[in-house]
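The values are calculated or read from the model by the stated rules, or taken from the named source; none is laboratory data. None of the values given here were measured: they were computed from a predicted structure. Ideal geometry is used to build each Cβ from the backbone, glycine not excepted, and the neighbour counts take in all protein chains shown.
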Ligand code: ATP
Ligand code: MG
């Protein structure tokens with residue numbers, strides 16, 4: 001029988017509300033993940049208590065509250081350093097900007113609150129019966145509670161549990177209406193399909209396609225966040241990426257992969273999307289692969305357009321820029337590759353390997369060599385040489401530019417033959433040059 005474990009901080013927040021007479025439910029993604037047997041990464045609570053009431057209850061119990069989302073009914077309470085979001089049941093008003101409701105209204109019916117949620121698997125809530133009668137000093141308050149799912153009072157008005165069992169992502173209510181209200185739901189839906197290994201139900205898939213133009217109103221930051229979270233999902237993501245092609249979403253996410261530029265490495269977009277699963281579930285490498293046909297400059301521009309971080313942009317650009325380099329086949333070639341690509345060497349090899357599937361073994365061997373070189377700590381940069389500029393000036397009387405040029409030559413020697421990285425040997429070589 002399936003069980004879920006609720007952390008003690010959540011239990012305490014639920015209890016504080018319930019003992020004041022307010023039903024308190026675990027809701028949304030946290031319940032979805034718990035029912036799937038996965039540990040939720042954040043727990044959300046919903047209750048009819050109004051924000052001011054919640055602030056009063058938590059403050060009186062001695063906890064710090066953060067009223068950041070109060071206009072939308074959300075109070076964050078810090079319990080043992082864990083921020084917990086508690087939101088008053090609410091009804092979203094009209095959507096005129098495809099993203100935000102024009103107004104939100106509070107309600108005392110949980111059914112109204114669940115109706116505003118995006119997908120059936122996210123529109124369930126559960127409550128611990130009798131928690132109000134517990135004593136605040138019970139063991140449960142220090143170590144969390146593991147309960148059988150059957151003991152929970154679950155509110156599931158849209159068939160969320162059945163969809164969880166069948167692996168279906170389905171909008172709550174009319175899919176086109178829901179995806180038009182807030183187009184971000186389109187990308188959330190794709191992400192949940194990938195994260196959970198689910199498929200959209202046919203009407204929802206049709207609406208993903210029909211409502212796609214709403215993504216033009218969604219900020220690039222939000223689009224990028226969803227793309228990254230999708231690509232970082234553990235497990236295969238090709239099916240979800242193919243779903244994005246079927247529903248013609250790439251135009252709003254990564255139009256680069258629609259230009260036909262992919263043909264240099266892949267015969268079709270489908271083959272490119274399948275190749276993504278050859279990579280570890282790391283968004284940087286996966287974005288680089290998706291952008292392989294855009295070239296270094298195109299890839300950088302795409303990252304900038306999506307306002308990706310400088311770190312991610314630099315890595316993607318380095319990976320794409322290295323795709324056409326020959327796969328290093330010997331220790332010296334591998335050291336040279338590493339010296340040039342620095343911390344991006346491994347990632348670049350992964351991405352290139354995914355592009356050049358016919359050279360799989362060669363890339364695997366290169367990655368092994370890279371790991372060995374890193375483990376041994378071979379010299380890969382001028383600062384790793386057994387001589388420095390001072391020594392060259394002092395011992396050989398070199399001056400100015402000669403010093404830098406000589407260090408570069410010595411590095412070249414050492415990249416070729418690591419055993420030469422000894423002070424005496426290098427001075428001898430430098431003296432004879
Ligand atoms: P995750 O935390 O993994 O992103 P989640 O489903 O918990 O998944 P959150 O953004 O934490 O997503 O939101 C919590 C809940 O709020 C969701 O499960 C859903 O019920 C509701 N929700 C979030 N965003 C939307 C949205 N754009 N439209 C409708 N409901 C939403
Ligand atoms: Mg969540």
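Filter the range 397-418 down to residues that are modelled with pLDDT under 90 and part of a helix (DSSP H, G or I), then give me how many there are.
Counting residues in the range 397-418 that are modelled with pLDDT under 90 and part of a helix (DSSP H, G or I) gives 0.
Can residue 191 be described as under 23 Å from residue 32 (Cβ atoms) and either assigned to a helix (DSSP H, G or I) or more than 14 Å from ligand 1 (Cβ to nearest atom) (or both)? Please lay out each step first, then the result.
Numbers: under 23 Å from residue 32 (Cβ atoms): yes; either assigned to a helix (DSSP H, G or I) or more than 14 Å from ligand 1 (Cβ to nearest atom) (or both): yes.
In short, yes.
Checking residue 3 against (1) within 12 Å of ligand 1 (Cβ to nearest atom); (2) at pLDDT below 95, only one condition comes out false. Which one?
Unmet for residue 3, out of (1) within 12 Å of ligand 1 (Cβ to nearest atom); (2) at pLDDT below 95: (1).
Yes/no per residue for (1) surrounded by 18 or more Cβ atoms within 10 Å (Cβ to Cβ); (2) within 48 Å of the chain's Cα centre (by Cα):
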| residue | (1), (2) |
| --- | --- |
| 378 | yes, yes |
| 387 | yes, yes |
| 393 | no, no |
| 398 | yes, no |
| 404 | no, yes |
| 408 | no, yes |
| 416 | no, yes |
| 421 | yes, yes |
| 429 | no, no |
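Restricting attention to the range 183-197, report how many residues are in contact with a strand residue (DSSP E or B) (Cβ under 8 Å, 6 or more places away or on another chain) and away from ligand 2 (no atom under 16 Å from the Cβ).
Total satisfying the criteria: 1.
Is it fair to say residue 353 is surrounded by 14 or more Cβ atoms within 10 Å (Cβ to Cβ) and without any contact (Cβ under 8 Å) to a residue 40 or more places away in the chain? Step through it out loud before you land on a result.
Working: surrounded by 14 or more Cβ atoms within 10 Å (Cβ to Cβ): yes; without any contact (Cβ under 8 Å) to a residue 40 or more places away in the chain: no.
The answer is no for residue 353.
Across the range 199-241, what is the total count of residues that are in a helix (DSSP H, G or I) and closer than 21 Å to residue 284 by Cβ?
Total meeting the criteria: 15.
State the number of residues belonging to the range 123-144 that are more than 29 Å from the chain's Cα centre (by Cα), within 17 Å of residue 43 (Cβ to Cβ) and crowded, with 16+ Cβ neighbours inside 10 Å.
5
Residue check, residue 42 against (1) more than 12 Å from ligand 1 (Cβ to nearest atom); (2) touching a residue at least 12 places away in the same chain (Cβ under 8 Å), all met but one. Which one?
Only one criterion in (1) more than 12 Å from ligand 1 (Cβ to nearest atom); (2) touching a residue at least 12 places away in the same chain (Cβ under 8 Å) is unmet by residue 42, namely (1).
On the given criteria, is residue 60 away from ligand 2 (no atom under 13 Å from the Cβ), closer than 26 Å to residue 121 by Cα and more than 26 Å from the chain's Cα centre (by Cα)? Even if it seems obvious, please write down each step before you answer.
Details: away from ligand 2 (no atom under 13 Å from the Cβ): yes; closer than 26 Å to residue 121 by Cα: no; more than 26 Å from the chain's Cα centre (by Cα): yes.
No.
Tell me the residue from 309, 263, 245 that is surrounded by fewer than 17 Cβ atoms within 10 Å (Cβ to Cβ) and at pLDDT below 95, please.
On the way: 309 fails: at pLDDT below 95; 245 fails: at pLDDT below 95.
Every option except 263 fails the conditions.
Are any of the residues in the range 40-50 at pLDDT below 95 and away from ligand 2 (no atom under 11 Å from the Cβ)?
no
So in the range 14-37, with the set limited to residues that are in a helix (DSSP H, G or I) and within 16 Å of ligand 1 (Cβ to nearest atom), which one is surrounded by the most Cβ atoms within 10 Å (Cβ to Cβ)? Before the answer, list the steps.
Kept after step one, since they are in a helix (DSSP H, G or I), are these residues of the range 14-37: 14-19, 29-35.
Those left that are additionally within 16 Å of ligand 1 (Cβ to nearest atom): 29-35.
Values: 29: 20, 30: 23, 31: 29, 32: 23, 33: 19, 34: 22, 35: 22.
Restricting to residues being in a helix (DSSP H, G or I) and within 16 Å of ligand 1 (Cβ to nearest atom), the top hit is 31.
Scan the range 49-66 and tell me whether some residue there is part of a loop (DSSP other than H, G, I, E, B), within 16 Å of ligand 1 (Cβ to nearest atom) and over 12 Å from residue 88 (Cα atoms). Walk me through it before giving the result.
At the first step, the residues of the range 49-66 found to be part of a loop (DSSP other than H, G, I, E, B) are 49-50, 61-63.
Applying the additional criterion that residues be within 16 Å of ligand 1 (Cβ to nearest atom) yields none.
No: the range 49-66 contains no residue that is part of a loop (DSSP other than H, G, I, E, B), within 16 Å of ligand 1 (Cβ to nearest atom) and over 12 Å from residue 88 (Cα atoms).
Quick one: which residue in 136, 160, 167 is away from ligand 2 (no atom under 16 Å from the Cβ) and in contact (Cβ under 8 Å) with a residue 40 or more places away in the chain? Quick ask: steps written out before the conclusion?
Details: 160 fails: away from ligand 2 (no atom under 16 Å from the Cβ); 167 fails: in contact (Cβ under 8 Å) with a residue 40 or more places away in the chain.
Every option except 136 fails the conditions.
Of the residues 80, 97, 92, which single one is closer than 17 Å to residue 28 by Cβ and either surrounded by 22 or more Cβ atoms within 10 Å (Cβ to Cβ) or away from ligand 2 (no atom under 16 Å from the Cβ) (or both)? I'd like the intermediate steps shown before the answer.
On the way: 80 fails: closer than 17 Å to residue 28 by Cβ; 97 fails: closer than 17 Å to residue 28 by Cβ.
From the options 80, 97, 92, the qualifying one is 92.
Residues to consider are 207, 216, 224; find the one that is surrounded by fewer than 16 Cβ atoms within 10 Å (Cβ to Cβ), in contact (Cβ under 8 Å) with a residue 12 or more places away in the chain and not assigned by TED's automatic domain parsing to the domain that holds residue 99. First the steps, then the outcome.
Working: 207 fails: surrounded by fewer than 16 Cβ atoms within 10 Å (Cβ to Cβ); 224 fails: surrounded by fewer than 16 Cβ atoms within 10 Å (Cβ to Cβ).
Of 207, 216, 224, the one residue that is surrounded by fewer than 16 Cβ atoms within 10 Å (Cβ to Cβ), in contact (Cβ under 8 Å) with a residue 12 or more places away in the chain and not assigned by TED's automatic domain parsing to the domain that holds residue 99 is 216.
Quick check, is residue 239 on the phi < 0 side of the Ramachandran plot and more than 13 Å from the chain's Cα centre (by Cα)? Even if it seems obvious, please write down each step before you answer.
Values: on the phi < 0 side of the Ramachandran plot: yes; more than 13 Å from the chain's Cα centre (by Cα): yes.
So residue 239 fits the description; yes.
When you look at residue 91, is it within 16 Å of ligand 1 (Cβ to nearest atom) and at pLDDT below 95, yes or no?
Values: within 16 Å of ligand 1 (Cβ to nearest atom): yes; at pLDDT below 95: yes.
The answer is yes for residue 91.
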